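> There's a structure below that I have some questions on.
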Ligand SMILES: *[C@@H]1O[C@H](CO)[C@@H](O)[C@H](O)[C@H]1NC(C)=O
């Protein structure tokens, strides 16, 4: 049964969010989950790291978007400052009893130009974080991408609307496998690609804020809501496939998955939620979502 239970640890948060709107949290216990299920918490780089302009990190599309005022004003310049406070954060995770911590790597911190040279300070930070987690018995679960590619790639060829992202993503992933793969055995390529396509290229509410009337939830200046979400998802699927192929061939020591957001868990039917939790399987989630 060494299947992909670990994928669903993250989903527990969604289940609990459902509980929040109708069902009591105490209707669930660890016993409802399969043996070996990993309980943890997750973040994304831009939401927690801060240090946006420090130690060689270049702007990502999220910096541009937030500083353009499109996220309501706040930015991730400082955030919760995990870049400087990772030791305290890991200590808190250990005290909470987390089995795992899922975080994302900031592409623009590790490879500021999008391709080419690795930023030694970025490398050092993720090495420190990974080592700190492991020394506290917490499994590092790494997302390669959480909506935040380097702005330089957006400027050069339009980011995900271009097929060129496939090659650059794969090269970035390969760096991560090489430098962290001795300690990281659980990887996700792209976080919530369906949400990315919808929010960023249909609704225009996340970077790069593309949409076209009548679909956008923002003022639409750039984009085409009829075509770009599909184009972008197609390129993301190609990047995922290319990276999986690379991982399997040269680097595989653990798991690599895709992470579509599981709307099925938003069911308000208790029996259905339990069924989903107990039959947790990556393929199931993918079929439901992609
Ligand atoms: C979006 O692209 C389609 C296909 O090329 C085209 O028919 C449509 O007019 C475009 N919409 C906008 C808003 O540019």
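> If a residue must be outside any loop (DSSP other than H, G, I, E, B) and either touching a helix residue (DSSP H, G or I) at 6+ places or on another chain (Cβ under 8 Å) or buried (at least 18 other Cβ atoms within 10 Å of the Cβ) (or both), how many such residues does the stretch 48-85 contain? Give the steps one after another, and end with the answer.
The initial filter retains those residues of the stretch 48-85 that are outside any loop (DSSP other than H, G, I, E, B), namely 48, 60-67, 82-85.
Applying the additional criterion that residues be either touching a helix residue (DSSP H, G or I) at 6+ places or on another chain (Cβ under 8 Å) or buried (at least 18 other Cβ atoms within 10 Å of the Cβ) (or both) yields 48, 60-66, 82-83.
Residues flagged as outside any loop (DSSP other than H, G, I, E, B) and either touching a helix residue (DSSP H, G or I) at 6+ places or on another chain (Cβ under 8 Å) or buried (at least 18 other Cβ atoms within 10 Å of the Cβ) (or both) within the stretch 48-85 amount to 10.
> Which numbered condition trips up residue 234, out of (1) crowded, with 17+ Cβ neighbours inside 10 Å; (2) within 16 Å of the ligand (Cβ to nearest atom); (3) closer than 16 Å to residue 158 by Cβ; (4) under 20 Å from the mean Cα position of the chain (by Cα)?
Checking residue 234 against (1) crowded, with 17+ Cβ neighbours inside 10 Å; (2) within 16 Å of the ligand (Cβ to nearest atom); (3) closer than 16 Å to residue 158 by Cβ; (4) under 20 Å from the mean Cα position of the chain (by Cα), the one that fails is (1).
> Right, here's the next one. Pull up the stretch 198-228, narrow it to residues that are within 15 Å of the ligand (Cβ to nearest atom) and part of a helix (DSSP H, G or I), then point me to the one that is farthest from residue 246 (Cα to Cα).
Here the answer is 203.
> Assuming residue 189 fulfils every condition listed in (1) within 16 Å of the ligand (Cβ to nearest atom); (2) part of a strand (DSSP E or B) apart from one, which condition is it?
The number of the failed condition is (1).
> Just to be sure I understand, how many residues within the stretch 59-77 are at pLDDT 95 or above and within 19 Å of the chain's Cα centre (by Cα)?
11
The values are calculated or read from the model by the stated rules, or taken from the named source; none is laboratory data. All figures in this text were calculated on a predicted structure; none of them were measured in a lab. For neighbour counting, all protein chains shown are included, and Cβ atoms are generated from backbone atoms with ideal geometry for every residue, glycine included.
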